[in-house]
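*Asks:* Before anything else, here's the structure in question.
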Amino acid sequence: MALLDLFKPKKKELSKITSILPQEIYQAGVLELKDIIAPSALKITPREMNLGDKVVRTFFVISYPRFLGDSWFAPIINLDKVFDISIFIHPIETATILRQFQKKVAEVQSQISTREEKGLVRDPILDTAYQDLEQLRDNLQQAQERIFDVGLYMSIYGEDEGELDKTESEIKSILEASLVYVKPALFQQEQGYKSILPISTDLLEVRSKLNSSPLSSLFPFISFDLTSDKGILYGINRHNSSLILFDRFSLENYNSVTFAKAGSGKSYFTKLEILRSLMFDTDVLVIDPEREYEYLVEATGGRYFNISLTSDNHINPFDLPIAREDESQADVLRSNTVNLVGLFRIMLGGLTPEEDSIIDRAITETYALKDITPEANFADVEPPLLSDFELVLAGMEGGESLVQRLTKYTKGSWSGFINRPTNVDINKKFVVFSIRDMEDELKPVAMYIVTHFIWNAIRKQLKKRLLVIDEAWWMMKSEDTASFLLGLAKRGRKYYLGLATITQDVEDFLKSQYGVPIITNSSIQMLMKQSPSSIDIVQKTFNLTEEEKYLLLESDVGEGIFFAGLKHVAIKVIASYTEDQIITSDPHQLLAIKQARKDLEEGQA
């Protein structure tokens with residue numbers, strides 16, 4: 001017999017295999033949902049279970065205090081940990097519980113009477129129990145309350161037992177502070193885990209009786225959210241996937257600060273807020289240091305001004321706003337003089353007290369040269385130029401050195417920037433001033449002049465406005481520009497103005513004496529991905545926990561922590577496809593968009 005014949009099945013066996021084999025092969029290849037979600041291995045111990053490469057431990061609540069506050073469970077729900085919670089609620093017939101109450105009340109009342117007959121001191125515990133039972137019985141009889149059997153179970157996950165022990169200790173300390181006590185399901189970890197699964201099976205059956213009021217503090221979960229009836233969508237709450245809908249103009253002030261390292265999505269977040277704010281009748285003005293908002297202006301029909309030494313757009317710092325009804329022209333003139341002194345302090349690299357006094361007098365005389373006094377009508381006068389100020393300063397004793405330092409702004413290479421009449425009009429809902437092409441040495445000067453010009457325009461007419469200052473650390477370099485920025489933050493609310501301050505250089509911003517006051521005068525703070533070198537100062541400034549600190553270090557693009565008033569949540573910024581195409585700063589996407597537009601134009605041609 002040949003060797004291969006040994007492996008040939010007989011005829012009867014062959015027919016049997018032929019009839020069974022296809023079905024078995026099919027069944028062996030079928031994957032069900034449980035095959036996909038089941039762990040690769042399972043090990044059950046008295047205190048925990050090993051599910052593949054994870055360890056899980058289940059607890060149940062065994063005791064509640066006499067009173068439960070509304071937010072006692074919120075710290076647990078908002079822990080930055082991996083855990084599951086199941087709540088089983090079993091209603092009890094009111095008639096049944098009332099019969100039990102009647103017996104219990106009689107027992108307590110009997111104990112109180114017995115102590116009185118024996119002449120013993122009154123027992124406060126018995127008196128309190130009697131009052132609680134009577135009050136609850138009244139509420140049950142009046143259908144104001146119901147009684148439920150409630151089981152509350154929690155399963156925590158970790159990489160090893162050490163991580164579970166740490167999480168268990170944290171959860172216990174939080175709950176025990178509210179006099180709520182939990183225990184692990186010893187020798188019942190399998191039943192506990194099955195009770196946690198979303199199949200509505202309570203195998204632990206560890207229940208406590210709760211009436212409606214304390215039960216309401218459990219369901220629905222109490223979780224920090226910023227969902228309101230009005231406002232714009234800022235993003236998604238990463239804790240509970242709720243929408244973060246908020247209106248900055250509903251807070252005590254309308255200001256915000258955004259801190260993030262480069263490439264973490266801060267400009268994307270800001271442009272998304274701008275785009276959505278425009279739809280809610282908010283005028284937006286932006287100081288753009290990197291020319292990131294140009295396409296957004298084009299898409300929304302706004303106005304874009306390029307401020308540089310060779311630009312055709314000019315702003316005269318001697319312009320005067322028209323006084324409002326609640327302020328005098330003398331106050332406007334005095335305020336503008338103070339701001340101009342600050343500007344010259346930046347332009348001239350600092351002033352001595354004597355020079356400061358000379359500059360102040362020269363500004364007043366320069367306005368007088370154009371017949372501008374507190375009694376004049378500011379709407380009909382022609383403001384002076386920097387060259388007029390230079391002429392007045394040259395005729396003053398002690399002004400020679402100041403004139404020499406000022407010459408580069410009036411006759412030198414920088415004269416085209418500042419020594420011209422204003423030709424900028426911002427009567428649009430969306431206006432952007434770009435200073436990217438301005439020399440670094442002049443950027444603080446340019447930002448001061450632009451913000452001062454915007455501030456004068458804001459004071460003319462009361463409207464809902466948002467002023468965005470990107471890369472604000474440029475303004476924090478000088479004490480005068482930083483002081484002016486703080487002034488905007490403090491006074492903006494009076495003029496219905498929200499100030500949005502954005503920076504990636506957190507350390508420079510916070511080192512300034514005006515940095516922290518600007519933050520405290522901002523009701524909204526947005527923290528995105530931080531660098532390890534700056535995370536400690538950010539943690540100290542915003543009182544972050546260790547979990548929040550590491551969340552900021554490990555956040556992806558568009559993720560962070562959103563503070564609004566007393567609340568803060570972990571946020572993920574979400575944009576629609578159309579919004580993304582308008583606001584993206586990704587060079588790859590921008591090149592693709594430009595190519596698509598070019599192809600479209602060539603196709604139309």
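The values are calculated or read from the model by the stated rules, or taken from the named source; none is laboratory data. Everything numeric here is computed off the predicted structure, so don't read it as measured data. A quick note on method: Cβ atoms are made from the backbone with ideal geometry, for glycine too, and the neighbour counts reach across all protein chains shown.
*Asks:* Show the residue pairs that are 6+ apart or on different chains and have beta-carbon atoms under 9 Å apart, the first residue being within the range 558-575 and without any contact (Cβ under 8 Å) to a residue 40 or more places away in the chain, the second being surrounded by fewer than 22 Cβ atoms within 10 Å (Cβ to Cβ) and of a type in the set (D, E).
*Replies:* From residues that are without any contact (Cβ under 8 Å) to a residue 40 or more places away in the chain, the pairs are I561/E548.
*Asks:* When Q191 is evaluated against the numbered criteria (1) buried (at least 19 other Cβ atoms within 10 Å of the Cβ); (2) among the polar types (S, T, N, Q); (3) over 25 Å from E559 (Cα atoms), which criterion, by number, is the only one it fails?
*Replies:* The one condition Q191 does not meet is (1).
*Asks:* Still on this structure, please answer the following. Out of S256, S217, S311, I need the residue that is in contact with a Gly (Cβ under 9 Å, 6 or more places away or on another chain), within 30 Å of S86 (Cα to Cα) and touching a residue at least 60 places away in the same chain (Cβ under 8 Å). Which one?
*Replies:* Working: S256 fails: within 30 Å of S86 (Cα to Cα); S311 fails: within 30 Å of S86 (Cα to Cα).
Being in contact with a Gly (Cβ under 9 Å, 6 or more places away or on another chain), within 30 Å of S86 (Cα to Cα) and touching a residue at least 60 places away in the same chain (Cβ under 8 Å) holds for just one of S256, S217, S311, which is S217.
*Asks:* Could you tell me whether N306 is closer than 25 Å to E382 by Cβ and either of a type outside the set (A, V, I, L, M) or without any contact (Cβ under 8 Å) to a residue 60 or more places away in the chain (or both)? Don't jump to the end; show me each part of the working.
*Replies:* Numbers: closer than 25 Å to E382 by Cβ: no; either of a type outside the set (A, V, I, L, M) or without any contact (Cβ under 8 Å) to a residue 60 or more places away in the chain (or both): yes.
Judged against the criteria, N306 is not a match.
*Asks:* Kindly provide the set of residues from the range 377-396 that are surrounded by 14 or more Cβ atoms within 10 Å (Cβ to Cβ), over 45 Å from the mean Cα position of the chain (by Cα) and not hydrophobic (A, V, I, L, M, F, W, C), ordered by number.
*Replies:* S387, D388, E390
*Asks:* To continue, here is another question. Check whether at least one residue in the range 508-529 is in contact with a helix residue (DSSP H, G or I) (Cβ under 6 Å, 6 or more places away or on another chain) and surrounded by fewer than 17 Cβ atoms within 10 Å (Cβ to Cβ), and report yes or no.
*Replies:* Yes; the residues of the range 508-529 include at least one that is in contact with a helix residue (DSSP H, G or I) (Cβ under 6 Å, 6 or more places away or on another chain) and surrounded by fewer than 17 Cβ atoms within 10 Å (Cβ to Cβ).
*Asks:* If you take just the strands (runs of 3 or more DSSP E) that sit entirely in the range 447-551, which of them hold at least 1 residues that are hydrophobic (A, V, I, L, M, F, W, C) and closer than 30 Å to E325 by Cα? Walk me through how you get there before you give the answer.
*Replies:* Values: elements: 465-469, 497-503, 524-528.
Correct list: 465-469, 497-503.
*Asks:* Also, quick follow-up: Among the residues of the range 458-477, count how many are modelled with pLDDT under 90 and surrounded by fewer than 20 Cβ atoms within 10 Å (Cβ to Cβ). So that I can check it myself, show each step before the final result.
*Replies:* Of all residues in the range 458-477, those modelled with pLDDT under 90 come to 458-463, 470-477.
Checking the rest, the ones that are also surrounded by fewer than 20 Cβ atoms within 10 Å (Cβ to Cβ) come to 459-463, 477.
Qualifying residue count, the range 458-477: 6.
*Asks:* Please determine, by comparing only the residues of the range 334-376 that are aliphatic (A, V, I, L, M), part of a helix (DSSP H, G or I) and more than 39 Å from the chain's Cα centre (by Cα), which one is modelled with the lowest pLDDT. Step through it out loud before you land on a result.
*Replies:* Here is the first cut: in the range 334-376, the residues aliphatic (A, V, I, L, M) are 338, 340-341, 343, 346-348, 351, 358-359, 362-363, 368-369, 372, 376.
With the extra rule that they be part of a helix (DSSP H, G or I), the set shrinks to 338, 340-341, 343, 346-347, 358-359, 362-363, 368-369.
From the residues that got through so far, the ones that are more than 39 Å from the chain's Cα centre (by Cα) too are 358-359, 362-363, 368-369.
Numbers: I358: 91, I359: 91, A362: 91, I363: 91, A368: 88, L369: 85.
The qualifying residue modelled with the lowest pLDDT is L369.
*Asks:* Given the residues I62, I89, I44, I36, which is the only one that is modelled with pLDDT under 80, over 24 Å from A570 (Cβ atoms) and either in contact with a helix residue (DSSP H, G or I) (Cβ under 6 Å, 6 or more places away or on another chain) or not aromatic (F, W, Y) (or both)? Explain how you work it out, then say what you get.
*Replies:* Details: I62 fails: modelled with pLDDT under 80; I89 fails: modelled with pLDDT under 80; I44 fails: modelled with pLDDT under 80.
Every option except I36 fails the conditions.
*Asks:* Which count do you get for residues in the range 412-471 that are under 19 Å from V338 (Cβ atoms) and small (G, A, S)?
*Replies:* The number of residues fulfilling the criteria is 1.
*Asks:* Let me ask something else. Quick check on the range 129-175: of everything there that is in contact (Cβ under 8 Å) with a residue 24 or more places away in the chain and hydroxyl-bearing (S, T, Y), which residue is farthest from L186 (Cα to Cα)?
*Replies:* The residue in question is Y130.
*Asks:* Which residue is nearest to the chain's Cα centre (by Cα), if the candidates are limited to the range 216-252 and must be aromatic (F, W, Y) and modelled with pLDDT of 85 or more? Even if it seems obvious, please write down each step before you answer.
*Replies:* If we filter the range 216-252 for residues that are aromatic (F, W, Y), which is where we start, we get 219, 221, 224, 234, 246, 249.
Cutting the leftovers down to modelled with pLDDT of 85 or more gives us 234, 249.
Numbers: Y234: 8, F249: 15 Å.
Across the range 216-252, the extreme among qualifying residues is Y234.
*Asks:* With respect to E390, is the statement that it is at pLDDT 85 or above, part of a helix (DSSP H, G or I) and charged (D, E, K, R) true? Spell out the reasoning first.
*Replies:* Values: at pLDDT 85 or above: yes; part of a helix (DSSP H, G or I): yes; charged (D, E, K, R): yes.
So E390 passes the test.
*Asks:* Could you list all residues from the range 420-441 that are hydrophobic (A, V, I, L, M, F, W, C), outside any loop (DSSP other than H, G, I, E, B) and farther than 22 Å from G487 by Cβ? So that I can check it myself, show each step before the final result.
*Replies:* Filtering the range 420-441 for residues hydrophobic (A, V, I, L, M, F, W, C) gives 424, 426, 430-433, 435, 438.
When the remaining residues are screened for being outside any loop (DSSP other than H, G, I, E, B), the result is 430-433.
Scanning the range 420-441 gives F430, V432.
*Asks:* Restricting the search to the range 265-284, which residues are assigned to a helix (DSSP H, G or I), at pLDDT 90 or above and among the charged types (D, E, K, R)?
*Replies:* K271, E273, R276
*Asks:* When you check S413 against the structure, is it surrounded by fewer than 20 Cβ atoms within 10 Å (Cβ to Cβ), at pLDDT 85 or above and out of contact with any Gly (no Cβ under 7 Å at 6 or more places or on another chain), yes or no? Talk me through it step by step, then tell me what you get.
*Replies:* On the way: surrounded by fewer than 20 Cβ atoms within 10 Å (Cβ to Cβ): yes; at pLDDT 85 or above: no; out of contact with any Gly (no Cβ under 7 Å at 6 or more places or on another chain): yes.
For S413, the condition - surrounded by fewer than 20 Cβ atoms within 10 Å (Cβ to Cβ), at pLDDT 85 or above and out of contact with any Gly (no Cβ under 7 Å at 6 or more places or on another chain) - is not met.
*Asks:* Here are the criteria: (1) free of Cβ contacts under 8 Å to residues at least 12 places away in the same chain; (2) outside any helix (DSSP H, G or I); (3) buried (at least 16 other Cβ atoms within 10 Å of the Cβ). Tell me which single one D319 does not satisfy.
*Replies:* (1)
*Asks:* Further, regarding this structure: Right, Y295: under 31 Å from the mean Cα position of the chain (by Cα), in the same structural domain as L499 (by TED's automatic domain parsing) and assigned to a strand (DSSP E or B) or not? Break it down into steps so the answer makes sense when it comes.
*Replies:* Numbers: under 31 Å from the mean Cα position of the chain (by Cα): yes; in the same structural domain as L499 (by TED's automatic domain parsing): yes; assigned to a strand (DSSP E or B): no.
So Y295 fails the test.
*Asks:* What's the number of the condition T407 fails, among (1) at pLDDT 85 or above; (2) out of contact with any Leu (no Cβ under 7 Å at 6 or more places or on another chain); (3) over 25 Å from A472 (Cα atoms); (4) part of a loop (DSSP other than H, G, I, E, B)?
*Replies:* (4)
*Asks:* Next question. With respect to the numbered conditions (1) within 21 Å of the chain's Cα centre (by Cα); (2) modelled with pLDDT under 85, which one is the sole condition not fulfilled by T481?
*Replies:* (1)
*Asks:* Just to be sure I understand, how many residues within the range 80-128 are in contact (Cβ under 8 Å) with a residue 24 or more places away in the chain and acidic (D, E)?
*Replies:* Result for the range 80-128: 2.
*Asks:* Next up: Sort through D536, D556, D505 and tell me the only one that's modelled with pLDDT under 90, in contact with a Phe, Trp or Tyr (Cβ under 8 Å, 6 or more places away or on another chain) and in the same structural domain as T282 (by TED's automatic domain parsing). Even if it seems obvious, please write down each step before you answer.
*Replies:* Details: D536 fails: in contact with a Phe, Trp or Tyr (Cβ under 8 Å, 6 or more places away or on another chain); D556 fails: in contact with a Phe, Trp or Tyr (Cβ under 8 Å, 6 or more places away or on another chain).
Unique residue meeting the criteria: D505.
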